[in-house]
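Q: Sharing a structure with you now.
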Amino acid sequence: MTALAERVRRVPRLAAGPAEGTWIALGLVVLLAAAIVTARGGDYFTQANLLNMLSRTTALGIVAVGQTIAILAGSLDLSVAYLIGLTSLIAAEVMAGDPAMIVPGVLAVLAASALVGLVNGLVITKLHVNAFIATLGAGLVIKGILESRYQGPAGSVPVLFQRLGYDRIGPIPVAVLLMLAVAGAAALFLHRTRAGHHVYAVGGNVEVARLSGVPTTRTTVLAHVICSLCAGLAGLYLASRLGAGAPYVGTDGGYDLESIAAVVLGGTVLAGGRGGVSGTVAGVLLLAVLDNLFDQLVLDAFFKDVVRGAVIILAVAVYARRQLRARAQRAVRVPR
């Protein structure tokens, strides 16, 4: 009984471990960045620098939260970058600079996003197409639409809607509060609802989940719909920042691979079933701090990518090593 209680007590610690590690790494990187900037005669913790970093983090943070849910369900979504460009254009063209059209514009974006997520989920579950291929194909379809209809920015969002991208409540940008609200809602969904628990079950082992009575198809589709809705929210935010829709705003930002990198950096297992939103937020902030430091040091773009790639590989390697060690310790403790 004592051994069983000990094992149960350790489960949440193992589950929270990667997120805790990412937050600790984030704190260390912030201290390192501050020390480097101070040594060069600057001040890292200026309000302008912190606001710039947070503003650049918002879109990636929202997309990464949705990507986390898709990956936890054992899938992923490579169409988000193209969907962001498409939804920014839908918002700008429906609003057309008219404040009265803000609500219809937002609803149109959410409807289009949900439709793309629904198609992705159904192709994966009903046609049994690998998620990588299915979402990449959906992304290429959207890319074709964008390239055939748009040569550059189009539409316009009213000044009132642009306040989403530029206003602040106290020292905190409204958009950052939106990102935190999305992350909080996703965490509540994953940990406080039955559907959220189903996401972990399907990502852990889809066949076991099915035999246990979990609606695996519905869960996977729901995960993709949520992921696409998050991409749509990011498209709305970027439209508010730009004042118009831009077909390549998602792909230029690299939000497909960047969001997956943030999720992995936050400790969520690519195979699904383990991880959470908290680690993803830490991963997004960690990437933002690194980018901000690189900008201040005026480093070469190639060197930035090398360092970012090395950090992600190192983080995943450390996590994998911890998992192997934990499994070995559990195997030793199992009574024969």
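Q: Could you tell me whether any residue of segment 200-212 is within 30 Å of ALA91 (Cα to Cα), at pLDDT below 95 and in a helix (DSSP H, G or I)?
A: no
Q: Condition test on LEU287, is it at pLDDT 80 or above and of a type in the set (A, V, I, L, M)?
A: Yes: the conditions hold for LEU287.
Q: Shifting gears a bit: Considering only segment 287-294, I want to know if a residue exists there that is in contact with a Gly (Cβ under 8 Å, 6 or more places away or on another chain) and surrounded by fewer than 23 Cβ atoms within 10 Å (Cβ to Cβ).
A: Within segment 287-294, not a single residue is in contact with a Gly (Cβ under 8 Å, 6 or more places away or on another chain) and surrounded by fewer than 23 Cβ atoms within 10 Å (Cβ to Cβ).
Q: Further question on the same structure: Being open to solvent by less than 50 Å² (accessible area, probe 1.4 Å) and more than 22 Å from LEU76 (Cα to Cα) narrows it down to one residue among VAL174, VAL199; which is it? Reasoning before the result, please.
A: Numbers: VAL199 fails: more than 22 Å from LEU76 (Cα to Cα).
Step by step, each of VAL174, VAL199 is checked, and only VAL174 is open to solvent by less than 50 Å² (accessible area, probe 1.4 Å) and more than 22 Å from LEU76 (Cα to Cα).
Q: Go through ALA183, ALA154 for me and flag whichever is under 23 Å from PRO99 (Cα atoms) and of a type in the set (A, V, I, L, M, F, W, C).
A: Going through ALA183, ALA154 in turn, the sole match is ALA154.
Q: Now for a different question. Could you pull out the residue among LEU242, LEU211, LEU238, LEU233 that is among the hydrophobic types (A, V, I, L, M, F, W, C), farther than 19 Å from THR57 by Cβ and open to solvent by 10 Å² or more (accessible area, probe 1.4 Å)?
A: Every option except LEU211 fails the conditions.
Q: I would also like to ask the following. Looking at (1) under 26 Å from GLY267 (Cα atoms); (2) among the hydrophobic types (A, V, I, L, M, F, W, C); (3) modelled with pLDDT under 90, which is the only condition ALA3 fails?
A: (1)
Q: Being part of a helix (DSSP H, G or I) and of a type outside the set (A, V, I, L, M) is the filter here; which residues of segment 213-231 pass it?
A: THR216, THR217, ARG218, THR219, THR220, HIS224, CYS227, SER228, CYS230
Q: Hey, another quick one. Every residue in segment 275-290 that is under 14 Å from GLU20 (Cα atoms) and not β-branched (Val, Ile, Thr), please.
A: Selection gives GLY275, GLY276, SER278, GLY279, ALA282, GLY283, LEU285, LEU286.
Q: Next question, about the same structure. Looking at segment 174-221 only, could you name the residues that are hydroxyl-bearing (Ser, Thr, Tyr) and under 19 Å from the mean Cα position of the chain (by Cα)? It would help to see each step written out before you state the result.
A: Quick first cut of segment 174-221, residues hydroxyl-bearing (Ser, Thr, Tyr) only: 193, 200, 212, 216-217, 219-220.
Within segment 174-221, TYR200, THR219, THR220 meet the criteria.
Q: Could you list, in sequence order, all residues of segment 138-192 that are of a type in the set (Gly, Ala, Ser) and part of a loop (DSSP other than H, G, I, E, B)?
A: GLY152, GLY155, SER156, GLY170
The values are calculated or read from the model by the stated rules, or taken from the named source; none is laboratory data. If you're wondering where the values come from, they're calculated on a predicted model, not measured in any experiment. Every residue, glycine as well, gets a Cβ built from its backbone with ideal geometry; the counts of neighbours run over all protein chains shown. Heads up: the accessible areas ignore ligands, DNA and RNA and are worked out on the full protein's heavy atoms, side chains in. Shrake-Rupley method; radii C 1.70, N 1.55, O 1.52, S 1.80 Å.
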